[in-house]
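J.: Provided herewith is a single structure, encoded as structure tokens, for subsequent inquiry.
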Amino acid sequence: SAISSRSGSGSSALFVAGPPGTGKTASVKSVITQLRNEQARGIIPPFHFVCINGMELRHPFDAYVALWEAITSSGQQYKTLQIMERRSPGAAAQLLERYFGGSTVSGTDSNKN
């Protein structure tokens, strides 16, 4: 119901966490299958599903790199602007910040007015 109440409200993200073996992956895959079926029937707009398994990352900041690579490998606009190469977590975080409409991460908040 949390997902259906968000329909039509623009971009969003869902973070799923919990102990191993509790069915997180199976639950998410089931929901994504349902959403893709609804998308195919024209009920919901197209979406891009990205899954990052934290157990496969060496460091938590590597999630920035994994997310940036998932977004740019999908053929979206930044693929043409940024050559596909391994980014540092800091560089990937800055690119994500720009991609999602914010300013670059500089350690100061210049947008406070």
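J.: Restricting attention to the stretch 35-74, which residues are exposed (fewer than 11 other Cβ atoms within 10 Å of the Cβ) and either modelled with pLDDT of 85 or more or in contact with a Gly (Cβ under 9 Å, 6 or more places away or on another chain) (or both)?
T.: Hits for the stretch 35-74 are Ala40, Arg41, Gly42, Ile43, Pro45, Pro46, Glu56, Arg58, His59, Pro60.
J.: Then there's this: Collect the residues in the stretch 1-34 that are closer than 21 Å to Leu96 by Cβ, exposed (fewer than 10 other Cβ atoms within 10 Å of the Cβ), in contact with a helix residue (DSSP H, G or I) (Cβ under 8 Å, 6 or more places away or on another chain) and at pLDDT 80 or above, keeping them in residue-number order.
T.: Ala17
J.: Can you run down the residue pairs with Cβ atoms below 8 Å, 6 or more apart or on separate chains, where the first is in the stretch 25-48 and charged (D, E, K, R) and the partner is modelled with pLDDT of 95 or more?
T.: Once the first residue is charged (D, E, K, R) and sits in the stretch 25-48, no partner that is modelled with pLDDT of 95 or more comes close enough.
J.: Output yes when any residue across the stretch 75-92 is among the charged types (D, E, K, R), modelled with pLDDT of 90 or more and part of a loop (DSSP other than H, G, I, E, B), and no when none is.
T.: For the stretch 75-92, residues among the charged types (D, E, K, R), modelled with pLDDT of 90 or more and part of a loop (DSSP other than H, G, I, E, B): absent.
The values are calculated or read from the model by the stated rules, or taken from the named source; none is laboratory data. If you're wondering where the values come from, they're calculated on a predicted model, not measured in any experiment. All Cβ positions, glycine included, derive from the backbone under ideal geometry; neighbour counts span all protein chains shown.
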